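A.B. asks: Would you mind keeping the following structure in view while I ask a few things?
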Amino acid sequence: MTALPLNNPQPTASARPGTVVEFTGVVKEFSGMRALDGFNLTLHAGEFVALLGPSGSGKTTALRVLAGLESTTAGSITIDGVDVSTLSTSKRDMGMVFQSYSLFPHLSAGENVEFGLRMRKIKPAERRRRAAASLAMVGLDDHFDRFAHQLSGGQQQRVALARALVTEPRVLLLDEPLSALDAKVRVQLRDEIRRIQTELGITTLFVTHDQDEALAVADRVAVMRAGNIEQVGTPEELYSRPATPFIADFVGLSNRIDGVVRSARAEVYGTKLPLIDPATPDGAVRVSIRPEDIEFALEGLAATVVASSFLGSLRRTTVRLVDGTILFLQHGVRVRPAAGETVFLKFTGAPVSTEQLAAVSAAPQQP
Amino acid sequence: MSGGFTAGGVAHAPSRTVRTVILGLVGLIFAVPIVAMIEFTLRAGLVGGYNVDRWVALFQSGFTGVYRPVLVALGNSVALAIGTVVIVLLLLVPTMLLVHIRFPRLRRGLEFICILPITIPAIVLVVGLAPVYAIVARLLGSGVWTLAFAYGITVLPFAYRAIQSNLDGVDVKTLTEAARTLGAGWGSILVRVLVPNLRRGILAGAFIAVAVVLGEFTIASLLNRVNLQTALVVVSKVDPYTAVILSLLALAFAFLLLLVIGRLGAPRTRTSRRRTTVKGPA
Ligand SMILES: Nc1ncnc2c1ncn2[C@@H]1O[C@H](COP(=O)(O)OP(=O)(O)O)[C@@H](O)[C@H]1O
Ligand SMILES: [Mg+2]
C-alpha cells in the first residue's frame, strides 16, 4: 500500500490487505415485500463496485444490510470470510456516506471527523492530527472549524467522506452521496472519490441510480432490478454485451425495434445481426440496438430526419422510418442532418440483446 | 436543510413593523394583569392614594408568622417542579426517541396518549386519581412529592409538543445511523448526538413543566396537598393584599427559575465564537 498520511500512524491498519465482502442469497423482507430477493454479490479486495438500478430496486437496502442498519431475513453476509450477521453496526467497522446530509449539526467539520476516533478512544492530540489529515485529503484543510450550515452541499459530503475514512474502515459504503449536488460538483466529487479510493485501496460499494456515474468510476457495475442483480461486469462488458434488454436500456441509450430470431441471428428490417446470447430461441423478439450501432449510408433503410442535437463531442439524430418507428443515431459532429431530410440507414452489425415478445406483453415496459 | 440548527432563515417572515406590533400587543396582554396586581398592592385603604406599607410590612416580618406556610408551600412546589422535570427527562424523552428511531409506527399512538391529558379537565382527572393515590399513599406514603406523578401526566401534552417539534426539525434517524457506523453505542449516541441536537426542545419541555407545576391549583387542592397556589388561596382569604404580593413574588421567582434553567441549558459559547474566526474560500 502506498505511503499516505492517513495510514502512517497506524501500522496495523496500513498492513491490512483489502477486505473481501460476500453476499450469499440475502433476502430482506419489509412486511411481506421483498426488497432483496436472494441477493448475491462478491466485492473483491480493494475493488470499487457500483450498485446501479432504478429507484426502489433495493440498492439502499443492500447497503444498509451490509452496514448492519437493517437485519437480514435470510442468507449470509461475510466480511473477510467471517459472518457478520450478529455483529452490531458499531462493531462492523464500515465507513458510510449517506444520501442526505448527515453531519452532526452541533459539531464543527473537524469535530465531526474526530467523532469516530473519539468513539475509538484515540488521544486528543492524535485525534486532531488525523482529522486534519483526513480533511486535507478531501481538500478542506482550512475548514476544520466550520459548521455544517456554513458549508456547501459538496463540502458537506466531502466532510462526510473524510469522517467515514478517518477511522480506516474495512469497507466504504456510499449511498448516492452525489445525488443532492449540482451537475458540475457531482462530476468533480465523483472523480475525487475514485482517486481517494484508489489511493487507499479500500473495498468500496457505491450505490447510484445514475448510469454515467456508475460507468465512470467503478471497477465493476452490478445492475439491480427488483431486489436482485441482473448482471455484474466491468463497465465495458455491461455496455457492449448487455445480458438483457433491461440492462441495454438502463446502461446507455438503446433503440428497441421489433424483429425475429431465426437460427441464432436477429433479423430487423431485412438485416441479420449477431446475438449477444447465441442460445436465444427462434421467435418474435424486441431487439435493443445502441444509437452508435446505426449509421447513415448511401442506400438502405429509408428514414426522415426529425431532429438533430449537438452534444459536444458527438451529435444525436432522431429519425422516423416509413412505418412510423422512431430511432436514435449517434455520430460524429461533422455530419449535420437537417430536419425533414431523407436519409438511408444501415446497422453496423454489432451484437444485440433481445427480449421475447411474449415476455414483453406479459410484463409491459414503460416507454 | 435537515439540520434545523441554523437560526432564522424563514422565507416569508413578517416585516419588522408587523413583528413589533404583534410583540407589543402580546406584551400588553401580559402586562395588564401584572400592573393591575401591583397597583392593587399599593392602594392605601379606602380613602385612595398609594404607599408601599404592605410590602415593607411583609419583608420586615421576614416571612415568619402567618406567611410561613407560603414559604413551605413554595418549597413543595419547587420540589414538585423538579420531580416533574425529572419524569419528563427520564421517561418522556427516551420514550419519544425510542419511538421515533426504532418504532415509528407507534408514533400516532404515543402522540394520542400524550395529548390526551389536555382534553381531560383537572376535576375529572382527580376523580380518577383519588383511588390511585389511595394506593400510592399506602405504598409510598402521602408525601407531597407523590403529586409529581400526577403532574407528570398533566404536563405531557405541552412537553410532548415542545420536544416533538424539535425532533421533526432534526434528521434524527440519519444522524443516529451515521453515529452507529462510526462506532457509537446507544449511550454515546444519546449523550453526544441526540441531546445536543434536541437541547432546545428538551429545554422548552422542561420550562413548560416548571411553569405548569408552579401554577397548578386544582389537583393539589382536591387531593389535599399543599403547594404554592393552595397556600396563596389560604392567605388570600385572610389578607387579599398580601396574597397578591406573594403571587407577584412567586411570579418573579418562576421567571428567575426559568432564566436559570435557560442559562444552564444554553449551548457552549465557545462554538459560536469559533465559527466566526475562520474565513476560507467558499
Ligand atoms: N424501512 C422500510 N420499510 C418498508 N419498505 C421499505 C423500507 N426500506 C425500503 N423499503 C422498500 O424496499 C424497496 C427497495 O428500497 P430501496 O432499497 O430503498 O431502493 P433503492 O435504494 O434502490 O431506491 C422499495 O420498494 C422500498 O419501498
Ligand atoms: Mg436508495
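A.B. asks: Taking N as the number of residues in chain A, what is its Cα Rg relative to 2.2 N^0.38 Å?
C.D. replies: 1.16
A.B. asks: Separate question: Please report, largest first and rounded to whole Å, the three semi-axes of the ellipsoid equivalent to segment A:253-359, where each semi-axis is the square root of five times an eigenvalue of the C-alpha gyration tensor.
C.D. replies: Output for segment A:253-359: semi-axes of 26, 14, 12 Å.
A.B. asks: Enter the mean number of other protein chain beta carbons within 10 Å of the beta carbon of each residue in A:89-96, as an integer.
C.D. replies: Other-chain Cβ atoms within 10 Å of each residue's Cβ, averaged: 5.
A.B. asks: Measuring from label point to label point, each 7 Å out along Cα→Cβ, what is the residue B:12 to residue A:198 span in nm?
C.D. replies: 5.0 nm
A.B. asks: For residue B:111 and residue B:252, what does the FRET efficiency come to when R0 = 30 Å and r is the distance between their Cβ atoms, rounded to the nearest 0.05?
C.D. replies: For residue B:111 and residue B:252, the calculated efficiency is 0.30.
A.B. asks: Follow-up question, since we're still on this one. Which distance in nm do the two modelled labels at residue B:140 and residue A:76 give, with both placed 7 Å along the Cα-to-Cβ direction?
C.D. replies: 5.2 nm
A.B. asks: What is the log10 of I(q)/I(0) for the protein assembly as shown, computed with the Debye formula using one identical point scatterer on each Cα and no solvent, at q = 0.10, 0.11 Å⁻¹?
C.D. replies: At q = 0.10, 0.11 Å⁻¹ the computed log10 ratios are -1.03, -1.14.
A.B. asks: Further question on the same structure: For segment B:68-263, which semi-axes, largest first and in whole Å, follow from the square roots of 5 times the eigenvalues of its Cα gyration tensor?
C.D. replies: Whole-Å semi-axes of the equivalent ellipsoid: 35, 19, 14.
A.B. asks: Would you kindly compute the Cα radius of gyration of segment A:96-214 and its largest Cα-Cα separation (Dmax), both in Å?
C.D. replies: Expressed in Å, the Cα Rg and Dmax of segment A:96-214 come to 13.5, 43.
A.B. asks: Take the eigenvalues of the Cα gyration tensor for segment A:24-81, scale each by 5, and report the square roots as semi-axes in whole Å, largest first.
C.D. replies: The answer is 19, 14, 9 Å, longest axis first.
A.B. asks: Quick one: which residues, 5+ away or cross-chain, put their amide H under 5 Å from the amide H of residue A:224? H built at 1.01 Å from N.
C.D. replies: Result for residue A:224 returns A:52, A:53, A:230.
A.B. asks: Another question, if that's okay. Using modelled backbone amide H atoms (1.01 Å from N, in-plane), which distant-in-sequence or interchain residues come within less than 5 Å of residue A:308's amide H?
C.D. replies: Correct list: A:318.
A.B. asks: Determine one quarter of the surface area of the Cα convex hull of segment A:140-282, which equals its mean projected area, and express it in nm² to one decimal.
C.D. replies: Mean shadow area of the hull around the Cα atoms is 11.4 nm².
A.B. asks: Across segment A:21-240, what fraction of all alpha-carbon pairs, as a whole percent, falls in each successive 10 Å bin from zero upward?
C.D. replies: Spelled out bin by bin, segment A:21-240 gives 8, 34, 36, 19, 3, 0 percent.
A.B. asks: Further question: How far, in nm, would the chain grow between residue B:130 and residue B:86 when pulled straight, counting 0.36 nm per residue and subtracting the alpha carbon separation?
C.D. replies: 13.5 nm
A.B. asks: OK, next. Quick one: if you stick a label point 7 Å off each Cα along the C-beta vector at residue B:57 and residue B:36, how many nm between them?
C.D. replies: 2.4 nm
A.B. asks: Using only the alpha-carbon atoms of segment A:246-286, report the extent along each of the three principal axes, biggest first, to the nearest angstrom.
C.D. replies: 27, 22, 15
A.B. asks: Among B:104, B:14, B:69, which one moves the most in a GNM of chain B with springs linking Cα atoms closer than 10 Å?
C.D. replies: Looking only at B:104, B:14, B:69, the biggest GNM fluctuation is shown by B:14.
A.B. asks: Roughly how far apart, in whole Å, are the Cα centres of segment A:276-339 and segment A:204-259?
C.D. replies: Centre-to-centre (Cα) distance: 21 Å.
A.B. asks: In debye, nearest 20: dipole of chain A around its Cα centre with unit charges on the Cβ of K, R (+) and D, E (-)?
C.D. replies: It works out to roughly 780 debye.
A.B. asks: Before I look further, what does segment B:68-263 give for accessible area per residue, probe 1.4 Å, in whole square angstrom?
C.D. replies: For segment B:68-263, the per-residue accessible area is 48 Å².
A.B. asks: Where nothing but the Cβ of Lys and Arg (+1) and of Asp and Glu (-1) is charged, how large is the charge dipole of chain B around its Cα centre, in debye to the nearest 20?
C.D. replies: The dipole of chain B has a size of about 1140 debye.
A.B. asks: Dipole magnitude of the protein assembly as shown about its Cα centre, charges +1 at Lys/Arg Cβ and -1 at Asp/Glu Cβ only, in debye to the nearest 20?
C.D. replies: 2360 debye
A.B. asks: In addition: In a GNM of chain B with a 10 Å cut-off on Cα contacts, which of B:215, B:24, B:187 has the highest mean-square fluctuation?
C.D. replies: B:24
A.B. asks: How would B:172, B:127 rank on accessible area, largest to smallest, probe 1.4 Å?
C.D. replies: B:127, B:172
A.B. asks: Another one. Mind checking the mean number of beta-carbon atoms from other chains within 10 Å of the Cβ atoms in B:169-178?
C.D. replies: Mean inter-chain Cβ contacts per residue within 10 Å come to 5.
A.B. asks: Please check: in the Gaussian network model of chain A (C-alpha springs, under 10 Å), which one of A:245, A:177, A:274 has the largest mean-square fluctuation.
C.D. replies: Residue with maximal mean-square fluctuation among A:245, A:177, A:274: A:274.
The values are calculated or read from the model by the stated rules, or taken from the named source; none is laboratory data. No experiment lies behind these values; they were computed from the predicted model shown. When we count neighbours, we look across all protein chains shown, and the Cβ atoms used for this are built from the backbone with ideal geometry, even at glycine. Calculation scope for accessible area: heavy atoms of the full protein, side chains included, ligands and nucleic acids excluded. Shrake-Rupley method; radii C 1.70, N 1.55, O 1.52, S 1.80 Å.
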